[in-house]
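Shown next, in structure tokens, is the structure this report addresses.
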Amino acid sequence: MTEQKQIWVFIEHTDGKIADVSLELTGKARELGDQLGHEVVGLLCGYNVDALAEEVIEHGADRVLLADDPELALYRTLPYARVAIAEARVRKPEIFLIGGTPNGRDFAPRVASALRCGLTADCTDLQIGDYYVKKEGKTYKDLLYQIRPAFGGNLIATIVNPNTRPQMATVREGVMRKPAADAARKGVVEKVEPAFEPGDFALEVLSRQVRKSTVKLKDAPVIVSGGAGVGSAEEFALLRDLANLLGGEVGASRAAVDAGMIDRAHQVGQTGTTVRPRLYIAAGISGAIQHRAGMDQSSKIIAINTDPNAPMFQIAHYRIVGDVGEVLPMIIKSLRERSMDQRDAE
Amino acid sequence: MTDTRPIHSVVLVKQVPDTHNITGEVMTKDGTMNRGALPAIFNPEDLNALEMALEIKGRHGGTVTVITMGPPKAANILRESLFRGADKVVLLTDRKFAGADTLATSVVLQLAVQKLGQFDLVLCGRQAIDGDTAQVGPQTAEKLGIPQITYAESVIDIADGKITAQRALDSGSEIVRCTLPCLLTVVGSANTPRPASVRRQMERKLSAAPGEYAALRAKWPEFETDEAVDAFLAKHDLKIPVWTAEEIGATEGTIGLAGSPTQVHKINFVVLESTESKTISPTPEAIAAMVAELVHEYIVG
Ligand SMILES: Cc1cc2nc3c(=O)[nH]c(=O)nc-3n(C[C@H](O)[C@H](O)[C@H](O)COP(=O)(O)OP(=O)(O)OC[C@H]3O[C@@H](n4cnc5c(N)ncnc54)[C@H](O)[C@@H]3O)c2cc1C
């Protein structure tokens with residue numbers, strides 16, 4: 001019997017909701033699976049999470065391995081890793097993708113260490129390709145290219161694991177597109193029985209506090225972002241006005257966050273949120289590599305900067321060399337006038 | 001009731017190039033990197049891990065041992081650790097360790113920690129700034145067969161053979177209780193690392209690893225041979241022990257490049273993509289025209 005090879009996705013969830021990154025990765029796994037002819041498998045650990053399994057299938061999985069057990073109700077490294085390690089040893093997936101969330105990055109190295117396989121952290125792109133090793137005079141076919149920024153974002157490295165399986169990678173949130181749910185998709189939900197060992201319960205979660213974030217950067221169609229060039233809180237308020245007019249959200253560079261101008265939840269970039277809105281307005285942001293890493297996939301970029309040599313201008317579609325305090329009011333005014341004209345016309 | 005039992009901690013640290021301060025000199029014209037131009041520093045979050053261990057020692061007694069795997073010059077951060085309060089340090093250095101990825105690194109660290117003997121806690125920084133992987137801690141914990149508490153921000157209590165700690169997560173925080181021994185990875189917000197103590201600096205500034213004896217003799221010509229340096233340092237308990245692959249019992253094929261399942265296929269330097277771009281004057285008319293264009297293209301409105 002030749003079994004179909006598998007691509008696994010770790011399905012992370014809190015309070016009955018699947019993490020976006022897990023569905024983004026399910027979509028990516030589907031793409032890779034179609035390319036390679038592999039089955040896409042979601043690994044879902046939890047308690048009373050049957051309904052989530054269907055959702056994983058709707059987003060592109062062929063199969064969900066469902067470990068449903070009271071001990072798995074909250075994420076804990078060892079019980080979750082136990083399930084993954086045991087199942088991976090039996091089923092031998094080719095590829096295993098995990099969201100680059102705090103718990104995803106707690107889980108993945110534990111599993112990779114036990115399976116003695118390669119793991120690449122915080123990838124921003126995944127592709128399939130060949131790898132030629134001169135020393136061996138051999139080409140490894142169809143490996144997973146694990147592409148990630150390195151050295152503080154100054155380099156982009158492509159990592160491969162030619163000899164070990166699964167090829168494991170954690171992937172940054174927001175860099176893959178989340179596919180639309182397709183209720184007609186069919187798949188298999190397969191229950192698996194966890195075989196815990198006493199040592200797996202060494203850690204207990206005494207309490208958990210979830211900070212409810214009201215900042216919805218990731219899904220905002222328009223982001224108006226401010227940097228160190230935004231001189232004052234009043235000027236920052238202009239960003240908010242413009243974002244409201246455009247139905248968007250306010251973003252920020254780390255310099256603006258560090259200056260206390262705005263909460264960290266608004267930070268865009270390598271250590272903030274990765275975004276790809278229809279329109280990104282960068283006001284008083286120089287365009288450091290770590291900032292661009294989080295926004296350079298935006299469809300249209302407007303850069304406003306007094307320095308004509310600011311790196312942000314090199315990726316901007318609209319370059320405005322000028323002062324934030326003067327340019328933002330002009331954009332706001334122009335939008336207000338348009339909406340008034342529209343009302344007059346109706 | 002708080003345990004009166006002393007707590008023995010092992011802190012895993014790394015010397016890293018200071019990627020936070022990449023300047024023009026570092027990136028050369030043809031887009032390659034001059035690594036030599038980057039100063040080597042104590043990985044920032046490893047300092048937080050050391051501080052946490054020192055605070056625990058302050059409260060419970062016990063010892064703090066600091067180990068690093070790296071080239072001979074990584075002895076610098078071990079001296080730094082001694083100046084800040086570490087009781088003992090060990091340098092893991094061997095050509096066979098070179099080229100290790102996170103898995104191969106964790107094999108070496110596991111063997112070294114086990115060679116040290118009994119311990120209650122292993123602490124390391126959440127991640128190193130040259131790779132930002134955050135993998136070595138959990139991988140070492142797995143190999144040691146002990147549980148892990150990642151993103152530890154504070155230790156609330158150590159009692160009855162268990163540690164209670166707070167984890168800092170993007171989405172909030174968690175308080176967990178875990179049996180000892182266990183491994184913690186420590187976040188930068190955990191504490192403010194203490195500076196080197198002047199007294200300890202005076203006492204231990206001569207600490208050196210065997211690889212550094214030549215440099216030491218250049219400064220102290222009264223030592224005529226390496227053996228003389230060695231005897232002096234040993235007598236004053238200033239010798240930084242060096243462990244090689246053989247001394248920790250590492251098997252070839254599990255460490256260094258050979259023990260690393262991940263391989264670098266290629267490295268690209270980040271180049272700015274030039275996009276089709278328009279320069280807009282900062283005038284009301286030009287801005288209104290730009291807004292009109294965006295509306296027309298259904299980007300806004
Ligand atoms: C490991 C690492 C991770 C990082 N992660 C991130 C991250 O996630 N996100 C992030 O943003 N940064 C990150 N950074 C920091 C990043 O390197 C930059 O320092 C930061 O993005 C700079 O922010 P800025 O552009 O607002 O400030 P600056 O670089 O100071 O730029 C301010 C700009 O404003 C312009 N200006 C000044 N006055 C005006 C005015 N009146 N009108 C218009 N323009 C004006 C200036 O010409 C300048 O270009 C990270 C750094 C490191 C090392």
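The values are calculated or read from the model by the stated rules, or taken from the named source; none is laboratory data. None of the values given here were measured: they were computed from a predicted structure. Using ideal geometry, Cβ is built from the backbone for each residue, glycine included, and neighbour counts are taken over all protein chains shown. Remember, those area values only see protein heavy atoms, side chains included, never the ligands or the DNA or RNA. Shrake-Rupley method; radii C 1.70, N 1.55, O 1.52, S 1.80 Å.
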In Å, the Kirkwood estimate of hydrodynamic radius for region A:212-257 over Cα pairs equals 10.8
Region B:7-259: relative contact order from alpha carbon pairs under 8 Å, six or more residues apart, as a whole percent, is 25
Probe 1.4 Å, heavy atoms of protein chains only: per residue, the accessible area of chain B in Å² is 46
For B:ASP160 and A:ALA265, extending 7 Å from Cα along the Cα-Cβ vector and measuring point to point gives, in nm, a value of 3.7
Quick calc: nm separation of the 7 Å Cα→Cβ label points for B:THR4 and A:GLU54 -> 6.1
Residue by residue through region A:215-222, the couplings from Karplus 6.51 cos²θ - 1.76 cosθ + 1.60 with θ = phi - 60°, in Hz, x for Gly and Pro, are 7, 10, 5, 4, 9, 5, x, 10
With the label point 7 Å along the Cα-to-beta-carbon line of A:GLU197 and a cut-off under 15 Å to each amide N, the hits in region A:154-191 are none
Measuring from the longest principal axis of the C-alpha atoms of chain B, the long axis of helix B:75-84 (C-alpha) lies at a number of degrees, nearest 10, equal to 80
Using alpha carbon centers only, region A:1-38 is separated from region A:259-289 by a whole-angstrom value of 29
Listed by chain and number, the residues whose amide H is under 5 Å from that of B:GLN148, excluding neighbours fewer than 5 places away on the same chain and using placed H, are B:LEU183
At R0 = 51 Å the Cβ-Cβ FRET efficiency linking A:SER339 and B:GLU222, nearest 0.05, sits at 0.05
With a Förster distance of 41 angstrom and the Cβ-Cβ distance between A:LYS92 and B:GLU276, calculated FRET efficiency to the nearest 0.05 equals 0.30
Along region B:180-187, Karplus-curve 3J(HN,Hα) (6.51, -1.76, 1.60; θ = phi - 60°) to the nearest Hz, with x for Gly and Pro, reads 8, x, 8, 10, 10, 10, 10, 8
So the pair-distance distribution of region A:102-198, from every Cα-Cα distance in 10 Å bins, comes to percents of 13, 31, 35, 17, 4
Ordered by number, the trypsin sites (Lys or Arg not before Pro) in region B:143-217 that occupy a DSSP loop and have at most 14 other Cβ atoms within 10 Å are B:LYS205
Compactness summary of region A:222-345: radius of gyration and Dmax from Cα atoms, Å, are 13.7, 46
Relative contact order as a percentage, chain A, C-alpha pairs under 8 Å and 6+ apart, gives 14
Note on region A:6-201: C-alpha Rg/Rh, Kirkwood Rh, two decimals, gives 0.96
Expected integer from the mean partner chain Cβ neighbour count at 10 Å over B:160-173 is 4
Between the modelled labels at A:ALA237 and B:ASP87 (7 Å from Cα along Cα→Cβ) the distance in nm is 5.9
tail above 28 Å in the computed P(r) of chain B, as % of all Cα-Cα pairs, reads 49
Tilt, helix A:77-91 to longest principal axis of chain A (alpha-carbon atoms), in degrees rounded to tens, equals 60
In whole percent, the Cα-Cα distances of region A:294-346 spread across 10 Å bins from 0 upward as 23, 36, 28, 12, 1
Whole-percent tail of the Cα-Cα distance distribution for region B:75-165, cut at 20 Å, equals 46
One quarter of the C-alpha convex hull surface, i.e. the mean projected area of the protein assembly as shown in nm², amounts to 34.0
FRET efficiency (B:TYR298, B:ARG194; Cβ distance; R0 51 Å; to 0.05) is 0.35
Largest-first semi-axes in Å of the equivalent ellipsoid built from the Cα gyration tensor of chain A are 41, 23, 19
Note, B:ALA231: beta-carbon cut-off 15 Å, +1 each Lys/Arg, -1 each Asp/Glu, net -3
Counting other chain Cβ atoms within 10 Å of each Cβ in A:242-251 and taking the mean gives 1
Evaluated at 37 °C and 0.692 mPa s, the Stokes-Einstein D of region B:149-301 based on the Kirkwood radius over Cα pairs, in µm²/s, stands at 139
Straight-line reach check, A:LYS300, cutoff 25 Å on alpha carbons, 8 or more apart in-chain or any other chain, hits among lysines -> A:LYS28, A:LYS178, A:LYS216, A:LYS218, A:LYS333, B:LYS278
Taking Cα atoms only, helix A:20-36 is inclined relative to the longest principal axis of chain A by an angle, in degrees rounded to 10, of 60
The relative contact order of region A:222-345, taking Cα pairs under 8 Å that sit 6 or more residues apart, comes to a percentage of 23
Per 10 angstrom bin, beginning at 0 and ending with the bin that holds the maximum distance, the Cα pairs of region A:48-164 fall in percents of 11, 34, 37, 15, 3, 0
